[in-house]
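To start, the structure itself, in structure tokens.
The numbers here are math on the coordinates, done by the rules we state, and not lab data. This is a predicted model, so every value here is computed, not measured. Cβ atoms come from the backbone with ideal geometry, glycine included; neighbour counts cover every protein chain shown.
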Amino acid sequence: MNRQPIHTDLAPAAIGNYSQAIRCGSTVYLSGQLPIDPKTQKANTASVEDEIRQVFSNLRAVAKAGGGDLAHVVKLNLYLIDLDDSPKVNKIMAEYFARPYPARAAVGIASLPHGCRIEAEAIMVLD
């Protein structure tokens, strides 16, 4: 199995023992992205809307570094501190993803690093 690590300075550096993404054949597995500004490496937690946009921007940067874009995402997993933020996620997600939308799960969790309210990970398939 040939695993190729993906890295970009346009998304936050890993805060643990993991790659930003791994490509295996035509499939790219994108690690969870927090709303961290890649320039400052600090969480952008001004509002939940800002967090959502930062997460999707980071995910897009990693997708591009992996040879695709958000249109190649087939599965999206979201982790939310408050599932009541789901309508905001849906609205902002439509700014970043085109129809048909990827398969998706939204999971309510107790906490995230740096006081963040959302994290997203994805699986992308390249043509």
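Here the spin labels are modelled as points 7 Å beyond Cα on the Cα-Cβ line, and at Lys39 and Val125 they lie 3.7 nm apart.
Our estimate of slack between His7 and Arg99, defined as 0.36 nm per intervening residue step minus the Cα-Cα distance, is 30.4 nm. Secondary structure note: in segment 71-127, about 55% of the DSSP beta bridges are antiparallel. Full extension of the chain segment joining Ala110 with Asp69 gains 11.8 nm, where the gain is 0.36 nm per residue of separation less the Cα-Cα distance.
What you get for the chain, charging only the Cβ of Lys and Arg (+1) and of Asp and Glu (-1), is a dipole of about 300 debye around the Cα centre. Between the alpha-carbon centres of segment 1-34 and segment 87-115 there is a gap of 19 Å.
Summarising the strand pairing of the chain, around 80 percent of its internal DSSP beta bridges are antiparallel. Karplus-based coupling profile of segment 92-104, in residue order and whole Hz: 6, 4, 5, 6, 10, 10, 9, 5, x, 5, x, 4, 8, with θ = phi - 60° in 6.51 cos²θ - 1.76 cosθ + 1.60 and x standing for Gly or Pro. I need the fraction of alpha carbon pairs in the chain separated by more than 27 Å, rounded to a whole percent. In whole percent, the long-distance tail amounts to 12.
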